[in-house]
Number of protein chains: 2
Amino acid sequence: MPKTTFFNLPEEKRQAILDAALEEFAAYSYEQASVNRIVARSGIAKGSFYQYFEDKRDLYFYLLQQASEVKMFYLAPHMAQAQTQNFFTLLRDLYGAAIQFAMEHPRYAELGKRLMDSKGSAIYDEIMAAHADEAIEFFASLLQNAIDQGEVRADINVPMFAHLIVSLNTLIMAYYLEHIARDYDDRLLETLDSFITFLRHGLVAS
Amino acid sequence: MPKTTFFNLPEEKRQAILDAALEEFAAYSYEQASVNRIVARSGIAKGSFYQYFEDKRDLYFYLLQQASEVKMFYLAPHMAQAQTQNFFTLLRDLYGAAIQFAMEHPRYAELGKRLMDSKGSAIYDEIMAAHADEAIEFFASLLQNAIDQGEVRADINVPMFAHLIVSLNTLIMAYYLEHIARDYDDRLLETLDSFITFLRHGLVAS
DNA sequence: TGGTCATATGACCGCCTGGTCATATTGTAG
DNA sequence: CTACAATATGACCAGGCGGTCATATGACCA
């Protein structure tokens, strides 16, 4: 956690530092991100940085936590419907909310993507050890529920497909944002529907 | 390309260097891999390294090229069947061959994975600019072919699903190797079949 | 033996890293 | 105006990086 000195800072300065840091961690992995560049871009002295944060890690984790809070703000309303909604409809809404989040907070989204691309690094392992893949657990229970409701085939490997569904989220998000539209666009619903149709019925010609 | 001096080296020494380098680039991204560690591990002097290779990049590209040649050795027999095989069967064979490759050449597989996780880095962009996503082109034409044959629904976004099929390859590979079996195991065929069934018919209960 | 050429070596270079710390500046309360 | 605490600063540190180069070693031929 940042030191109290950081939270005593005038709003404007604090935001400037967070913006500079977010830009850095969105552009570089944790290891390659540079404290020197962050302080240069935010116009503070190197020494000041260490008056505000324990170390580079401290700032990084703070940003990650902020990003996850903002993302949860988008996801929570749909997650609350988990018991009542049809599985595939819920999935479409969750994927849609995640893309919405990424469009409205591109830096936070890049931060998360950068972390997901750091598999095998010490920092990734540490974070995953702490959070124990909560997302996968969530989707696994969702899947199990859908099987019990008769919405989903019972012969699937639940953990594997839970894993898949999580990864597909970031895949479809990245594809949509890079190849279809960067801002809000009515092709979003269309793309999501076509994707969910695939998850439902596969690719085979009927 | 490595310099001729490198190829004049006694087989044993050359392999020792390649092994050390492969281990390094399998464990660290290109940027974080260390020439110092490579020379230390292979027992040669720093100066010698630069008698053998132009620079770190030179060695890295050489390893990547070797890895891709070995991988093509596994894939080529199946790719040759592209015109005659059923789309889904072909896909299963290709995914299977890729997993076989990863099991028999884990270091090469890690090297490739590490590269795929470097999206956004200069080296990744450079490699992708040079190879223009050949894999995606291949699967796109495969998909189009399958549509023409009536094997696959005609209403899909071909580039998007080509993209998806490529990414799913690395996904299913990583999942199988990390969560199911690290060596050859009869669960491979079972896992592949269940996965291909999903690609065909989706998750919905019939 | 002496000469020539390929190869091997590690000290060294400039640069960047995350992090520290003595000092200077500022704000505030008495 | 003083005194004290909070904050701001950048020179500095040790260590790692990729890469260079003068020199040493070794192999081969005359």
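List of remarks:
- Chains A and B together, accessible area buried on both sides, 1.4 angstrom probe, square angstrom: 3600
- In this assembly of identical copies, the label point of A:Ala122 (Cα plus 7 Å along Cα-to-Cβ) is separated from its counterparts by 2.5 nm, sorted shortest first.
- Amide proton proximity set for B:Val152, modelled H, under 5 Å, gap of 5+: A:Ala205, B:Ile147
- Solvent-accessible area per residue in the range B:4-201 equals 49 Å², computed with a 1.4 angstrom probe and all protein chains kept.
- Karplus (6.51, -1.76, 1.60) ³J(HN,Hα), θ = phi - 60°, over the range A:143-156, in Hz, Gly and Pro reported as x: 5, 4, 4, 5, 5, 4, 7, x, 7, 10, 3, 8, 8, 8
- Helix-only CD estimate at 222 nm, as mean residue ellipticity for chain B, using -39500 (n - 2.57) per DSSP H run (n ≥ 4): -23000 deg cm²/dmol
- Count of lysine pairs in chain B with Cα separation under 23 Å (8 or more residues apart, or interchain): 11
- Loop-located chymotrypsin sites (Phe, Trp or Tyr not before Pro) in the range B:67-107 (DSSP state other than H, G, I, E, B) with a sparse environment of at most 12 neighbouring Cβ atoms within 10 Å are absent.
- Atom-type composition of the exposed protein surface of chain A places 51 percent of the accessible area on carbon and sulfur (1.4 angstrom probe).
- Backbone HN-Hα couplings from phi across the range B:182-199 [Karplus 6.51/-1.76/1.60, Hz, Gly and Pro as x]: 8, 10, 5, 7, 6, 6, 4, 4, 4, 4, 4, 4, 5, 6, 5, 4, 4, 4
- Placing R0 at 35 angstrom, the Cβ-Cβ distance between B:Asp193 and A:Met72 gives a FRET efficiency of 0.40 after rounding to 0.05.
- Taking the Cα centre of the protein assembly as shown as reference, the dipole from Cβ charges on Lys and Arg (+1) and Asp and Glu (-1) amounts to some 880 debye.
- Using a 7 Å projection from Cα along Cα-to-Cβ, the label point at A:Gly43 is separated from the same position in the remaining copies by 5.8 nm, smallest value first.
- Descending principal axes extents, chain B, alpha-carbon based, whole Å: 64, 35, 29
- Sorted from closest to farthest, the other copies place their B:Ile180 label points 2.9 nm away, with each point set 7 Å from Cα along Cα→Cβ.
- Karplus-derived 3J(HN,Hα), 6.51/-1.76/1.60, for each residue of the range A:106-121, Hz, glycine and proline x: x, 5, 4, 5, 5, 4, x, 4, 4, 5, 5, 7, 9, 3, x, 7
The values are calculated or read from the model by the stated rules, or taken from the named source; none is laboratory data. Given the structure is predicted, the values throughout are model-derived calculations rather than measurements. All Cβ positions, glycine included, derive from the backbone under ideal geometry; neighbour counts span all protein chains shown. For the accessible areas, the whole protein counts, side chains as well, though only heavy atoms, and no ligand, DNA or RNA atoms are used. Shrake-Rupley method; radii C 1.70, N 1.55, O 1.52, S 1.80 Å.
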